[in-house]
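Take a look at the structure set out below.
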Amino acid sequence: MTAGPENSPAPHGGGGNGPSGYGARRAPGGPRPKKYTRTRRKACIFCVEKVKQIDYKQAIVQRYRNKLVTDRGKILPRRTTGTCAKHQRMVAEAVKQARQIALLPFVAD
């Protein structure tokens with residue numbers, strides 16, 4: 001007898017007691033495990049405003065600066081800011097240019 005898909009073990013070690021909440025055991029009368037809900041992806045702030053080009057002067061403007069650079073001077077990643085890949089590349093270039101001409105610090109004091 002061959003092992004079919006219904007008799008084979010789960011591919012990711014899904015023994016049913018994992019943290020994913022699917023098939024996890026719970027105490028009688030306890031809370032139900034939470035199911036995975038997908039969060040909505042942020043829209044790119046530059047695409048929404050239809051920005052074609054980002055230069056070093058825009059990178060230091062206060063409304064973008066708090067969203068794109070940490071207080072320590074690090075460029076925030078796309079997954080945090082929600083910018084698209086094209087605009088994230090422009091942001092990185094603009095921040096680096098602003099650092100070179102001393103409009104932004106390389107590191108925080």
**Meets criteria (charged (D, E, K, R) and closer than 18 Å to Arg99 by Cα) for Arg41** = no
**Complete:** For region 64-95 the number of residues that are within 12 Å of Ile54 (Cα to Cα), of a type in the set (Asp, Glu) and either outside any helix (DSSP H, G or I) or at pLDDT below 90 (or both) is 0
**Prompt:** Within the set of pairs 6 or more residues apart or between chains, which connect a residue that is over 13 Å from Cys84 (Cβ atoms) inside region 36-56 to a residue that is surrounded by fewer than 10 Cβ atoms within 10 Å (Cβ to Cβ) with Cβ atoms less than 8 Å apart?
**Reply:** Tyr56/Ile101
**Message:** Condition first: surrounded by 10 or more Cβ atoms within 10 Å (Cβ to Cβ), at pLDDT below 85 and not in a loop (DSSP other than H, G, I, E, B). Now tell me which residues in region 16-63 satisfy that.
**Reply:** Gln58, Ala59
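The values are calculated or read from the model by the stated rules, or taken from the named source; none is laboratory data. In this text the structure is predicted, and so the values were computed from the model without any measurement. Glycine also receives a Cβ, built like all others from the backbone with ideal geometry; neighbour counts cover every protein chain displayed.
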